[in-house]
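This report refers to the structure that appears directly beneath it.
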Amino acid sequence: MAILVGLVLAVVGFVTGTGILGGIRTSMGLEYWSTDMSWSVGYPVALIGWLIGVGGWKYWAVEWFGGKAATPPKGVKRYFEWNMDHKVIGIQYGVTFVVLFLLSGLTAMLIRFELMNSGMQLFTEDQYNSAMSFHGIGMVAVAVAIMLGAFGNYIVPLQIGARDMAFPRVNALSYWLVPPVAIMLIIALLIGGWDTGWTAYPPLSVLTKSGQVLFNLAVITFGLVSILGGINFIATIIYERAPGMTWGRLPIFVWGAFAGSLIAFFFTQGFAAGLLMILLDRVVGTSFFHAAEGGSPILYEHVFWFYSHPAVYVMVLPAFGAVLEVLAHMSRKPLYAYRWVVGALLGIVAISGVVWAHHMFTSGMEDYLHAPFLVLTEMISIPTGIIFLSAIGTIWAGRLWMRTPMLFALAFIFNFTVGGLTGIYLADVPTDIHLHDTYFVVAHFHYTIMGGEIFALFAALYYWFPKMTGRQFNETLGKIHFWIMFIGFQLVFIPMFQVGVKGMNRRVADYPEAYEDFNRFISWSGFLLGISFIFFAANMVLSWVRGERAVANPWGASTLEWQVSSPPPEHNFEGQPVIQGGAYEYGVPNAPAHARMGTAAVTEHV
Amino acid sequence: MNRHLWIAGILWVVFTALALAGAALMNPFPTVGAEEAEFSDHAFRMMTYMGAPVFGFVMAALLYSVLRFRSGGGGEDGPPIRGVGAVPRVWLLTTTTLAVVVMIYPGLTGLAELRSDRTHDLEVNVTGFRWAWVVQYPEGFASQELVLPVDQRVKFNVTAPAGDVLHSFWVPAFRLKIDAVPGQITNLYITPNELGDGATDAAYRVQCAELCGLYHARMQMPVRVVTAEEYEAWVAEKAGK
C-alpha cells in the first residue's frame, strides 16, 4: 500500500518536475521534452515524492512541521513500508538484493546463451551491450550493498549489544533509496538501454543514448545509499557498543563491517562526482571530458577508479569478517591471530586508496605512474595474506562442523586463493598490458567478488538464516546448492582465464571462431551454475514459510546475537548485556562467557 | 600435533610439485609473434612458478583440515591456539618477502625492460574510430590491414579523432595494447619476429579492447607479418595506387 502511494507520488513528482522544466523550455522557444534534461530534473522530484509516499512523511518528516509521527505496524506489513527497526531494514535489504542478484544472474544466463556460438543468436549487438551493462551494474550494486545492507544491519547491532543503529531514520532513508535505483535501471533498459558497462567511461557515456542519463541518476542515488549506510555503521560501532565491548573484544564481522564502511564513506563521493560531471557534460554542456573542447577522458578514469577500486574492498572486507566468523564458530576455536586480522583490515583500508591506477596501465596515462602503482598494488597482498593466515590457523586442528555455512566459508578460502594469485598477473605491468580488458580479467574478478564475496554471502546467509527468520533451513537443499554452485563456478571461470590469455577480449557481443570451443564449454557450465540457484531459491522460500522453528542458538556459538531468541525480541535485549570476555573463547580453560545477559528474560526466550 | 604438521607438509610439497609440473607443461598462450610476446609470456610463467608454492600451501592446509579435523558438531571445543608470537611474524616476513620479490622481478625489472628501447625502424600512425581502424604508412597511403615487415622495430602512434570515444589498440600475438585516446597520441613499440597472417590465426588481429559502443566486438583489423621483400612489394603496390 505504502509502495503504491510512493509510486503514485513519484509519478506526480516526475510530471510536475518535467512540467515546470517543459514550461520554461517552451517559453524559451525550445521543445517541451528533452530526454536528458527532463529526466535529470524530473527524477529528483520523483525521488522526493517516492520517499514521502513510502512513509518518510508519516514516520519522520511530519515532525518537522509540528505533527506527530505515526507508530509503525507489527507483522508482515512493516516490511513493505518505511520502518526504522534495524532488523526489518536488514531483511528488506537482504530480500531486495537477493532478487536483484537473481535478476542480474538471469541476464548472465542470456549472455552465456548469446556467447555459446560465434555469430549473433539471441541478441543484436545493441541488446547485448545493454544486457552486459545491466549485468555489470546490477551485480556491482548487489556486491557493494548486500553484506552491509542485510547482515551489517541485522547482525552488527546485535553483536555489539545495541538496541538499534545510531541513526535509525537515516537507516530507513538509505534503504528506501534502493528501489528507485533498481527501477531506474530497468526503465533505462526499456527506453533503449545503454552501452557503457558499469564503468561509464566518457566520451562514450557523454555521446551515447539517453539510457545513460538514467544509469547515472540511478548510480548517484546508489552512492548516496552507500555513504549514508557507511556513516551509520561507523557511528554505531563507535558509540553504541555495550559496556565492556572493547575494540579488542569486537566480533570480527563487526570489524569487517567497520573497515568496509570507512571505505564506503571516504571514497564513494568520487564515483558520484564523476557521474555528475558526465551528466553536466550531457545536460548543461560543460566539457570535463570532451576532448574536442579541451576536456580529458583520462581524468574520468582516475576519478572513477579512485572510488571503484576501494569499492571492491567495501564488498570484500565485510565478507572477510563473515567468513572468519563462521570459521571460528564452526571450528570451535578462538579466531587465529585476531589482532593481526584487525591490523590487516585497517591496513587494507589504508592501501586501498592508493592503488587505483593499476586499472589504467594501458590507458595512456603518464609513464612515471606505472612503477608506483605496480608496487602499491603488490603491497595489498601483504595484509590479505594475514586474512589467509587467520583462516587457515583457525580451522587447523579445529572441530570442523561441515554444515552448509561452513562449506561456503571453506570454499571462500579456495576461491579467494585463485582470485588473489591471478591478481598478481594484473598488477604486474608486463603481463597486464596483454591481459587487460580480456576474459582473464573477467575470470579474476569473478573469483574475487563472486568466489570470494558471494560465497561468503551464502556462508553468512545460511549461518544467520535461523536467527533472522526464526526458521531452520533445509540442510540437504543447502548442500546441493553448495556443490552445484562450487563445481559450476570452477567450470565457468577456470576456462575464462585461458580464453582470455588466448586473446578473447571482454564486453564483446561476438568473437572470432577460434574461441568457440571454450565458449561453448563455459556456457554449458554457466547453465549448471545457474541451476544451483534454483535449489537456493527453493530452500529459502520453503524454509522461511514452513521450515522447522529455529532454536536461539543452533550453532552453539558464543557471540551476542545467539544469546537472544530467534528472531530476537523487538528491542533486541531485555535489559543491558555486559561484555566480560573475548568473542571466541572456545576451549580456553576458565574463560568467562563472552557476555552476561541483562535479566532473566534471556532464558525465557531460549 | 607434530604428525599433522608432517603430513600436511608432505602434502604441500606434493601439491607444489604438481602445480609446478602443470605450469611447466602448460602452454596457455596464443601464437608468439614478437619479441615483446616472448617477454610477456616469460613474466607470466615466472609468476606462475612463484605462485605454485603459495597455492600448494593453502590447498594442503585446507584439504588436510577438511579431511582430518571434522566433527559432528557435538559442541566439543578445539585447542585454544590463538596465533600470537612467532607464527604470525614469520608469516608476515615471508609474505612481505614474496611480495617484494614479485614487485622487483618480474615487476619493476620487466617495466624497465619494456621502456628501455625507444629506437625504431618503421613508424606508422594508427587511428581508431567507431568502429574501424586505419593505418597510415610513412609512404603516404592508408590501409585497413596492418602489414608489417618481420624483424623490424615498429613505433605506433595511436590516436582517435577528437570527437570520438576511447578505443584500445591490441594485437594478441604481440601481447601489447594501448588506448586510443581522442585528441591525444599514445605510443607502442613492437618488434614482430615471426611471420603470421590474420586470415588463419585469430591472434593476428587488431582488436579494439576498450568498450566503445554498438559494434565494439566488430572493431577489428587483420594483421599480416611478412618478409622484407614482400613488405616492399606491398608498399610499392599500395603507394602506386
| remark: When the charge dipole of the stretch A:84-546 is computed with +1 on Lys and Arg Cβ and -1 on Asp and Glu Cβ about the Cα centre, the Cα farthest towards its positive end, among A:MET406, A:MET485, A:PHE265, belongs to A:MET406
| field | Test item: Cα-centred dipole of the protein assembly as shown, Lys/Arg +1 and Asp/Glu -1 on Cβ, debye | value | 3480
| Potential lengthening between B:LEU93 and B:GLU123 on full extension [0.36 nm per residue; Cα-Cα distance subtracted] | 6.0 nm
| field | Two-site FRET efficiency, A:PHE167 against B:LYS238, from Cβ-Cβ distance with R₀ of 60 Å, rounded to 0.05 | value | 0.30
| remark: Taking the dipole of the stretch A:1-83 about the Cα centre (Lys, Arg +1; Asp, Glu -1; charges at Cβ), the one of A:LEU30, A:ILE20, A:LEU9 that reaches farthest to the positive side is A:LEU9
| said: Per-residue Cβ counts within 10 Å, from other chains only, averaged over A:504-513: what number is that? | reply: 5
| said: At 0.36 nm per residue, and after removing the present C-alpha to C-alpha distance, how many nm does the segment from A:ALA350 to A:LEU30 gain when stretched out fully? | reply: 110.2 nm
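Starting from the eigenvalues of the Cα gyration tensor, five times each then square-rooted, give me the equivalent ellipsoid semi-axes of the protein assembly as shown, largest first, whole Å.
On the way: eigenvalues 431, 256, 93 Å².
In descending order, the three semi-axes are 46, 36, 22 Å.
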| task | Find the centroid of the Cα atoms in the stretch A:430-500 and in the stretch A:185-248, then give the distance between the two in whole Å. | result | 22
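Once R0 is set to 51 Å, what does the formula 1/(1 + (r/R0)^6) return for the Cβ-Cβ distance between A:THR476 and A:GLU516, expressed as a FRET efficiency to the nearest 0.05? Working shown, then result.
On the way: r = 38 Å, r/R0 = 0.74.
Plugging the Cβ-Cβ distance into 1/(1 + (r/R0)^6) gives 0.85.
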| task | Please give the per residue accessible area of chain B, computed with a probe of 1.4 Å over protein heavy atoms only, in Å². | result | 45
| So what's the gap between the Cα centers of the stretch A:13-62 and the stretch A:384-425, to the nearest angstrom? | 49
| task | For chain A, build the charge dipole from Cβ charges (+1 Lys, Arg; -1 Asp, Glu) around the Cα centre, then report which of A:VAL342, A:ILE522, A:SER558 sits farthest towards its positive end. | result | A:SER558
| task | Name the helices (complete DSSP H segments) of chain A with a Cα length along the long axis of 30 Å or more and a Kyte-Doolittle mean of at least 0.0, or state none. | result | A:2-27, A:86-115, A:125-146, A:211-239, A:252-283, A:297-331, A:404-427, A:475-502, A:516-546
| task | Report the residue, chosen from B:VAL165, B:VAL100, B:VAL124, that carries the largest GNM mean-square fluctuation when chain B is represented by alpha-carbon nodes joined by springs under 10 Å. | result | B:VAL100
| query | Tell me, what is the FRET efficiency for A:TRP483 and A:GLU548 to the nearest 0.05, using R0 = 30 angstrom and their Cβ-Cβ distance as r? | reply | 0.85
| message | I want to make sure I understand the PRE zone here: with the label point 7 angstrom from the Cα of A:GLN580 toward its beta carbon, which residues in the stretch A:227-247 have backbone N atoms less than 14 Å away? | response | A:243-245
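Gain in length, A:GLU366 to A:ARG339, computed as 0.36 nm per residue apart minus the alpha-carbon separation, to one decimal in nm?
Working: separation 27, 0.36 × 27 = 9.72 nm, distance 3.93 nm.
Separation in residues times 0.36 nm, less the Cα-Cα distance, equals 5.8 nm.
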| request: Would you list, by chain and number, the lysines whose Cα falls below 30 Å from the Cα of A:LYS479, excluding same-chain residues fewer than 8 positions away? | output: A:LYS87, A:LYS333, A:LYS467
| remark: Dividing the helical contributions, -39500 (n - 2.57) per DSSP H run of n ≥ 4, by the residues of chain A yields a 222 nm value, nearest 500 deg cm²/dmol, of -21500 deg cm²/dmol
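How big a patch of accessible area, both sides summed and in Å² to the nearest 100, lies buried between A and B at a 1.4 Å probe?
On the way: alone 23530 and 14550 Å², together 30560 Å².
Rounded to the nearest hundred, the buried surface is 7500 Å².
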| query | Looking only at B:ILE185, B:ILE81, B:ILE104, which one moves most when chain B is put into a Gaussian network model with springs between Cα atoms under 10 Å? | reply | B:ILE81
| task | Could you check the simple spin-label distance between B:ALA24 and A:LEU4, using points 7 Å along Cα→Cβ, in nm with one decimal? | result | 7.3
| Principal-axis tilt of helix B:86-102 within chain B, Cα atoms, nearest 10 degrees | 10
| For chain B, modelled as a Gaussian network with Cα springs under 10 Å, which listed residue fluctuates most, B:LEU93, B:LEU18, B:LEU122? | B:LEU93
| Across the residues of A:359-371, average count of Cβ atoms on other protein chains within 10 Å? | 4
| message | Rounded, prolate or oblate for the stretch A:84-546? Axes are the square roots of the Cα gyration tensor eigenvalues, ordered a ≥ b ≥ c, and the cut-off for rounded is a/c under 1.5. | response | rounded
| query | lysines near A:LYS502 by alpha-carbon distance under 19 Å, same-chain residues fewer than 8 away left out - which ones? | reply | B:LYS177
| query | What average number of partner chain Cβ atoms lie no more than 10 Å from the Cβ of the residues making up B:50-57? | reply | 3
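Roll a 1.4 angstrom probe over the protein heavy atoms and tell me the percent of accessible area of the protein assembly as shown that is carbon or sulfur. Don't skip to the answer; put the middle values down first.
On the way: 20560 of 30560 Å².
The nonpolar share, carbon plus sulfur, comes to 67 percent.
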| query | Can you give the charge dipole size of the stretch B:115-205 about its Cα centre, rounded to the nearest 20 debye, using +1 on the beta carbon of Lys and Arg and -1 on the beta carbon of Asp and Glu? | reply | 360
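Could you give the dipole magnitude of the stretch A:84-546 about its Cα centre, charging the beta-carbon of Lys and Arg +1 and that of Asp and Glu -1, in debye to the nearest 20?
Details: 21 positive and 23 negative charges, 415 e Å.
Computed about the Cα centre, the dipole is about 2000 debye.
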| message | Between the stretch A:140-162 and the stretch A:313-368, how far is it from one alpha carbon centroid to the other, in angstrom? | response | 17
| In deg cm²/dmol, rounded to 500, what helix-only [θ] at 222 nm does chain B give when every DSSP H run of at least 4 residues adds -39500 (n - 2.57) and the total is split over its residues? | -13500 deg cm²/dmol
| query | Can you give the angle from 0 to 90° between the axis of helix B:228-240 and the longest principal axis of chain B, with both taken from C-alpha atoms, to the nearest 10? | reply | 50
| field | Taking the stretch A:1-83 and dividing mean pair separation by its residue count, relative contact order in percent (alpha carbons under 8 Å, at least six apart) | value | 38
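With every protein chain left in place, what is the accessible area per residue of chain A in square angstrom, probe 1.4 Å? Before the final figure, lay out each step's value.
Numbers: 19800 Å² over 606 residues.
Per-residue accessible area for chain A comes out at 33 Å².
The values are calculated or read from the model by the stated rules, or taken from the named source; none is laboratory data. A quick note: this is a predicted structure, and the numbers were derived from the prediction, not measured. All Cβ positions, glycine included, derive from the backbone under ideal geometry; neighbour counts span all protein chains shown. Remember, those area values only see protein heavy atoms, side chains included, never the ligands or the DNA or RNA. Shrake-Rupley method; radii C 1.70, N 1.55, O 1.52, S 1.80 Å.
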